[in-house]
Amino acid sequence: MRVLGISGSLRQGSLNSALLRTAAERLPAGAELVEFERLGDVLPYDEDVELAGTPEAVGALRKAVRGADAVLIATPEYNSSIPGQLKNALDWVSRPAGKSALNGKPAAVIGTSTGMFGAVWAQAELRKVLGAMGGRVIEAELAVGHAKELLADDRLELSPRQYEQLEEILAELISQAEIEAELAVAA
Ligand SMILES: Cc1cc2nc3c(=O)[nH]c(=O)nc-3n(C[C@H](O)[C@H](O)[C@H](O)COP(=O)(O)O)c2cc1C
């Protein structure tokens, strides 16, 4: 099973990218996480640009989503919501209307912030957006607060309870992906 990992942060030392690396280590056996590392290359969504042809990075992102069995996004929270560049990239993925690359794809959201709430509002909004785009969204969330204090070796050192929550989310994501794969074979 191939899981596409997307960190919603563009910065080099991103705590959400560190959380994604922690998640990669906790995937069930047989599943691997491949990270999309070109979020910053995605142009602002513009229907005129879309009608003129698919921008290269957008094509790469759509291809990565289509080629994955599931999608896992680690999102920061900016002003109680989704970072603009992540939302923008997802808007591209949702197009053309009715042909979202995320359609029917299992998707899960995790997140971390430097404050105490662990990006809960951004995660809730992101789950809503992914559902609107046709994703099969896992409802459980992992909100990791005070992330700076947890950073060790480019990953986040979680509490036992948080590791448990993370593993539950990943297990549900992979199990949903397996169901989708079986349905595709049967179709
Ligand atoms: C524009 C901006 C707005 C932010 N708003 C919030 C917020 O609403 N809630 C929160 O918990 N943290 C907020 N933060 C702090 C982020 O949690 C922190 O910068 C975090 O490290 C971003 O994730 P990253 O390390 O993956 O880049 C904000 C940061 C920025 C740059």
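Observations on the structure shown:
- Qualifying residue in the range 102-116 (condition: over 20 Å from residue 168 (Cα atoms), of a type outside the set (S, T, N, Q) and open to solvent by 50 Å² or more (accessible area, probe 1.4 Å)): yes
- Test: residue in the range 58-74 that is within 12 Å of the ligand (Cβ to nearest atom) and touching a residue at least 60 places away in the same chain (Cβ under 8 Å): yes
- Residue 89 vs. criteria part of a helix (DSSP H, G or I), modelled with pLDDT of 95 or more, within 16 Å of the ligand (Cβ to nearest atom) and surrounded by 19 or more Cβ atoms within 10 Å (Cβ to Cβ): yes
- Once the range 109-146 is narrowed to residues that are part of a loop (DSSP other than H, G, I, E, B) and acidic (Asp, Glu), the residue that is nearest to the ligand (Cβ to nearest atom) is 141.
- Scanning the range 153-187 for residues that are within 16 Å of the ligand (Cβ to nearest atom) and either over 20 Å from residue 33 (Cα atoms) or of a type in the set (Lys, Arg) (or both) yields one hit, 155.
- Residues in the range 147-164 that are open to solvent by less than 30 Å² (accessible area, probe 1.4 Å) and assigned to a loop (DSSP other than H, G, I, E, B): 1 in all.
- Among the residues of this structure, residue 19 counts as one that is crowded, with 20+ Cβ neighbours inside 10 Å, modelled with pLDDT of 95 or more, within 11 Å of the ligand (Cβ to nearest atom) and part of a helix (DSSP H, G or I).
- Residue 45 passes every criterion in (1) touching a residue at least 24 places away in the same chain (Cβ under 8 Å); (2) in a loop (DSSP other than H, G, I, E, B); (3) within 15 Å of the ligand (Cβ to nearest atom) apart from (3).
- Hey, residue 129 surrounded by 15 or more Cβ atoms within 10 Å (Cβ to Cβ) and out of contact with any Phe, Trp or Tyr (no Cβ under 9 Å at 6 or more places or on another chain) or not: yes
- Any hit, the range 85-106, residues being at negative phi and touching a Pro at 6+ places or on another chain (Cβ under 7 Å): yes
Rundown of residues vs (1) basic (Lys, Arg); (2) under 19 Å from residue 15 (Cα atoms); (3) open to solvent by 90 Å² or more (accessible area, probe 1.4 Å), yes/no style:
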| residue | (1), (2), (3) |
| --- | --- |
| 141 | no, yes, no |
| 145 | no, yes, no |
| 166 | no, yes, no |
| 172 | no, no, no |
| 185 | no, no, yes |
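The values are calculated or read from the model by the stated rules, or taken from the named source; none is laboratory data. Here the structure is a predicted model, which means the values were calculated and not measured. Note that each Cβ is placed from the backbone with ideal geometry, even for glycine, and that neighbours are counted across all protein chains shown. These area figures cover heavy atoms from the full protein model, side chains too; ligands, DNA and RNA do not enter into them. Shrake-Rupley method; radii C 1.70, N 1.55, O 1.52, S 1.80 Å.
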